[in-house]
Each structure stands twice: as C-alpha cells, then as structure tokens.
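This report refers to the structure that appears directly beneath it.
The values are calculated or read from the model by the stated rules, or taken from the named source; none is laboratory data. Remember, it's a predicted structure, so these values are computed and weren't measured experimentally. Every residue, glycine among them, receives a Cβ derived from its backbone with ideal geometry; neighbour counts consider all protein chains shown.
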Amino acid sequence: MSPLALAGVVYSCQVLLVIGVAAVAEVLLRGSSATARLAYWRAVGGLCLALPWIASRSRELPAMSVAFEVLPLDRVIASDTAAQVLPAIDVATPFVWIVWAIGVVIGLAWLLAGATRIRHLRLRSVPAAMGSDIEALRADLAPRTEFRWSTDLQQPVTLGVRRPLVLLPRRFDDLSDAAKRGVACHELLHVKRRDWLWTLVEAHVRAVCWFHPGIWWMLDRLQLLREQVVDELVVERTSSRRDYLNALMTFADSAHSTGLSSAFIRRRHLQSRIHELLKESRMSFSRLIVTMTALALVIGGITVVTVRALPLDLDAMAQVAAASRLEIRLAETTPGPGLQEARVSGSDQRVYLHATSLATWSDVTLAQILEPGNPSSTVAVTLNNAAAARMSSATAGHLGRPIAIILDGRVVAAPTVRSPIAGSAMITGLTAASARELIDANLACHSNPAQCAAALLPVPVYKENPQYTPAAMAARIEGDVLLEVIVLADGSTGDVTVVKSLDSGLDRQAVEALKRWTWKPGTRGGEPARVPVQISMKFTLQ
C-alpha cells in the first residue's frame, strides 16, 4: 500500500475516533441551546480537518540545527505467505483509489445535477407578492432576498448568497397568516446567517468523503442543529410556536428537491425539531461555560491520544509501505525515462532504478553472514532456480552498469555488474548486529511464516534534539551522522552504534540524544519485538 493510501486509512480512523468520542461526550450538553451544540459540532468538524496538521505538528521539534530521518534497517525475510499477501495489497491499492475516485465523480456529478436543477427552478419560478408583515421581516432580516412561486416544489427552499432566493410552493397559501410569517422568517434567517454557504461546503465534503460513515453522520448532525437554531430564532421573533409547529407538520411529507438547497424540513429531522421546540428548560450560562470547558478537555485529550496511537506520519508510513521484502533491480548511473532516482544508503552515490524486480524475498532459499568478525558485515543470499535464470539473463546485457540491492525500499548496495550473475547476491554495508538480526529473522520466517507477514517498523514517539558542540560550531562542521539503534520490545532505545561518523563531539551528542528517544515498538506477528533501524541526523549551522 502506498504511503498516501496508508495515510488516508489512518486519517479516516482518526476522524472516526474523534467523531465517536465527540458524539458520546455531547450528552454533557443535554439541556443546552441548539446554538451551543451547533458551535460544538462545528469545532469538532474543524478539528477533524486539522488532524493532519495537528498530527505532524505534534511530532515536530523546536527550530534547531539538526534534522532526523528514520531509515528501515532490518526486515524479516518474507515467506511465501508474505510474498503473496503483500504484493496482493500493493495490487489492490490502485483499485481502491479507482473506487474512491469513481465515488467522488458520482458525488460531484450529483452536485452538478443539483446546480442544474437550481437553475431550472429559478427560471421556471415567478415573483410572489407577500403581505406587509412578511415584507417588514424581509426589510429587517435580508432586504436583498426575493420571494418567488414555484410549481416544481412541495416545500420552501432557500438558494444563493449574492442574489438570495426563497422559492415557495403554492401550498404555502394554505397556511394561516401566523404560520406563513413563521415559514418566511425561517427562510430569511437562513439567508441572513449565510447558511447556504455551509450547505455547499458540507455537500462537497460529503462528495469527497462518501465512504466515511462518521463524516456522513456528523454532517447530518450539523444540518439538524442548524435547523434547530433557526427554529429557536423564529419562535423567539414571532412568538407563534403552535402555528410554526403546524407549518412543520404541513411540509413534513414533502420530498426534498435538491441537495444544494436549504430545505424547510427533512422528514428524518421532524421528531428532533419538534422535541427541541417543546423543550422548556435551558442550561444556565455558567453551567454552559463549565460544560464547554469539560468538553474541550475531553476532545483535546482524545485528539492527543488519537494522533499518538495512530500517527499520521508520511515518512514512517513510507517505511512501512516499502513492503517487507528484498528486491534486486537493474540500475543506471544516469537518469532516463521510467527510472526512479535513489540514494545508496550511507553514501552520496545516486542510482536510477528500473521498475521491474529481478528477485524478492520469496526467491531467497538461503541467507548467511560472510566474515562475521568484521565490523561491516555482508549477508549472502541464494536464489531459487527461476530467479537465478531471470538474474542471469538480465545481467548478461547489463555489464559495466550497476545493480541495486534494495532492503525495505532502501538501496543498501549498488555494485557494478562485471559478469552475469546467476544464483546468489550480496547485501553489504550491514553492521554485525543488523546482519545477525537479519539471519535470525530468516530462521524465524521459515519456522513461522505468519510472523514474517506482519512485521512493522518502530515509529519514534519522543525525539530529543542533539546539540552542536562549541568546537564543531567554531569549525563550522556540517553534515550527517548515521546511527544504528536497536529499538526494544518495550519501546525503549537499546544499543546505539555510529555507522557513519561526522565529528567525534557531534557523534557523541547524537548518540546521547538518541538514547533518550522513546518509540512505538516494531512488531512481528502482531507482537512487540526487537527491531534495528538507522537514524540519519543532519547537522546544519543556521
């Protein structure tokens, strides 16, 4: 699954959690006005839109001179089960995007049809002459509003902002004068409050998030509360509660004309609106302030918990989405059509990768460490016959050019092909600890295939910033320190090794800072496990 698709899944889960908790917490607002509850849900909606920003800011360090990059180092060698499941997810991802895009197109087409319907209604309507009391309301609330009769509608609707329009069905004339005044006041208040803009925004959000039940529920809640707010204002202004209730009942069985209009009544909202109009007691202002403060603490707390439990970090997701398997690909030293640029880990060398993999973890039949006593270890892998044949055929025509060995999306080596490669390959540049972890993982995969398919990288939860040493600042030393760290199963930091040194003082500062990091631990088979990763710390003088 691509990082962007994974981010969409995580964001959807974040929104669902926030909306779910907010819906339960709303019970504290029982007895408050619809205005307070509408403000509450608009704040929740704004919070949902801000979640990606909050999530990224929550992990952002103060403005310092060091940049961090977490690089995946160890991934278990995937079994045949993993090799089948993970590619299947990758294959399915484009179809998920296609389904989502089709839903969005259908939703936008429905909105376009609604806009066409609005234009048709406007053209077919005729001016309506209102009584003096309604004209007085119009002059007071929304002087630019035009009332028109429409034979295509069964209930009143409000449209537009620059040229607001209230369309009335002919059955409006059957109402009593007090009920007419209440209905007209309702529509004019919508115009004054610019509620049609909210209707447009919500319609587009629904079209984009058509798959999300939490978004649909929240938008319906906002629509209901907006109507309840206007109901309260109408009764307060006209003092004709009974006649207004009769008007609601009169139009309750009417079909809704279009999704881009502010309809007088939706049948599913009728009971709630009547109950709200008949409610006598209201929450006191002091109690409302205390309740809103408590809700802010509750929602703020669940937001913090949500972004920590489900971090929306595209960099970390890119690591997880890199597919826990080895890849061997042909590469070039110069860019070209269809080639992907990549940097060889631990160096400044850049190569340009071909799209097709010659071999993956599923093709590996044996893995072993060569020269285990050396600080920099090499893991030799042996390929099955099918992969060996592919490798030999491809490398025979690729002499003098590099071949990339990719581990979890990271190019760990890019040796030049000197002769056709047959049944084996080398993963170089690994520390002794990471090579040992890799071999242990290979053994674990052969004994428990399910464990391999569910491996995930650790994700930093708390990062401490290293400091420049005075000597390094005076010498104006800049560059990268590459560290390898073992993240333990409890989320703490284990042994730290300097893989690429920059300066002895800066190396020491980087190691000491990294030892104080805490993590969401990596997993194998759904259980927390020891996982080594590499951390690139970039020191830059500001």
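Structure summary
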item	result
Those residues of region 330-356 which are closer than 16 Å to Arg410 by Cα, assigned to a loop (DSSP other than H, G, I, E, B), small (Gly, Ala, Ser) and modelled with pLDDT of 80 or more, in sequence order	Ala355
Search result, residues across region 497-542 that are out of contact with any Leu (no Cβ under 8 Å at 6 or more places or on another chain) and among the aliphatic types (A, V, I, L, M)	Leu502, Leu506, Ala513, Ala529, Leu541
Matching option when the condition is at pLDDT 60 or above, surrounded by fewer than 18 Cβ atoms within 10 Å (Cβ to Cβ) and at negative phi, among Val27, Val44, Val85	Val27
Looking only at region 517-542, and only at residues there that are of a type in the set (Phe, Trp, Tyr) and closer than 16 Å to Val487 by Cα, the one that is modelled with the lowest pLDDT	Trp519
Of all residues making up region 104-150, the number that are exposed (fewer than 13 other Cβ atoms within 10 Å of the Cβ) and over 44 Å from the mean Cα position of the chain (by Cα)	8
